[in-house]
1. Given V122, V134, V110, V67, which one is in contact with a helix residue (DSSP H, G or I) (Cβ under 6 Å, 6 or more places away or on another chain) and either assigned to a helix (DSSP H, G or I) or modelled with pLDDT under 90 (or both)?
2. Mind listing whichever residues of region 234-276 are farther than 15 Å from L223 by Cα, under 23 Å from the mean Cα position of the chain (by Cα) and among the hydroxyl-bearing types (S, T, Y)?
3. Within region 25-45, identify whether any single residue is in a loop (DSSP other than H, G, I, E, B), within 28 Å of the chain's Cα centre (by Cα) and among the β-branched types (V, I, T), and answer yes or no.
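The values are calculated or read from the model by the stated rules, or taken from the named source; none is laboratory data. None of the values given here were measured: they were computed from a predicted structure. All Cβ positions, even for glycine, are placed from backbone atoms using ideal geometry, and neighbour counts span all protein chains on display.
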Amino acid sequence: MDDCTRLPSGFEVLDIGITLHDPETGDILDVNGRLEQLYGYSAETLRTMTVEDYTAPSTRFSQEEAVRRIRSAATGTNEVFEWQIERSNGELRWVRVNLNSATIAETPCVIAEVTDISEYKVREQRLRLLSRIVRHNLRNDMTAIVGYAERLKNAVEDETLEDSVETVLEIAHEVGSLSESVTQLEQIAEPDATERGPTNLGDIGRSLLQKVRTEYSTVDLTLDASADVWIIADQGARYAIDHAIENAIEHNNSDTPSVTVEIADQPDADRGTIRITDDGPPIPEVETNILDFDVETDSTYHGSGVGLWVMKWCVDSLGGELQFKENSPRGNVVEMSFPRTEPP
């Protein structure tokens, strides 16, 4: 084999698997040591194998599809996909493959970066299971409890009992809302959900306030978005902002709750910021403290904290920052900042 079909020695020190492919036939020309460890085959053996030889039986991934993607990458298209392999010992592992065109020793090739994501897939499956349990079992049970509590409320005349039933209703509605939060976390874990692009922060604010106005007619809502601010985001930004606005309304005990959404551009810091300000009671420290990874959760934390977790997870996943501040003379300021970009 000519040197031009070999990987440069520098690829041996990488922690990810690397394969070098012929841009036309898709044949493996060379691999690094990490790829040999991951697949369980030597470079010499892999050169004689087709993709189907080391693909898991349950994976719909054929040799033809592999060649199509390799040829596409050779034209300059970045190909990224997940795929399950079968190692030499029969063990199944999930990998993420990133194909890019390259030139080695003046010879066009396609390089594949192969990353083991098996642990990530296990966590994803656990999250799906948790979501299924919460959405189905917990939501259905809470719906039944709300129904019975409503019947009791209409039947009893004792004021003390009415207060107790009202408390049951509030708790049932709160627990039932966990279903939506877990569903959003599940959706963020989907690979397609993490495809980010330029997003107008003002458009998110306008869309969410329009939705909120139809649901809360007595709330005084204000949007300050004098300038277009573009950020790099995915669906997670909308989830986080939606939770902040909903919390500002639902936990506000004013007769006419006031909520202001302000969009700000910070070009010097290369950030786009959104602030949700309300005039309600302060967010309990016990709720914001759970966002600190050094603090262990216990039974004193309530369901409303799950919404804060959704906010933090979504903002963190986008490389942003979430802050909670006091509003003067009363209320809260929830501030989210995201990486800024230019409009498309």
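1. V134
2. Scanning region 234-276 gives a single hit, Y239.
3. Filtering region 25-45 for residues in a loop (DSSP other than H, G, I, E, B) gives 25-27, 32, 40-42.
Then drop every residue that is not within 28 Å of the chain's Cα centre (by Cα), which leaves none.
So far as region 25-45 goes, no, none of its residues is in a loop (DSSP other than H, G, I, E, B), within 28 Å of the chain's Cα centre (by Cα) and among the β-branched types (V, I, T).
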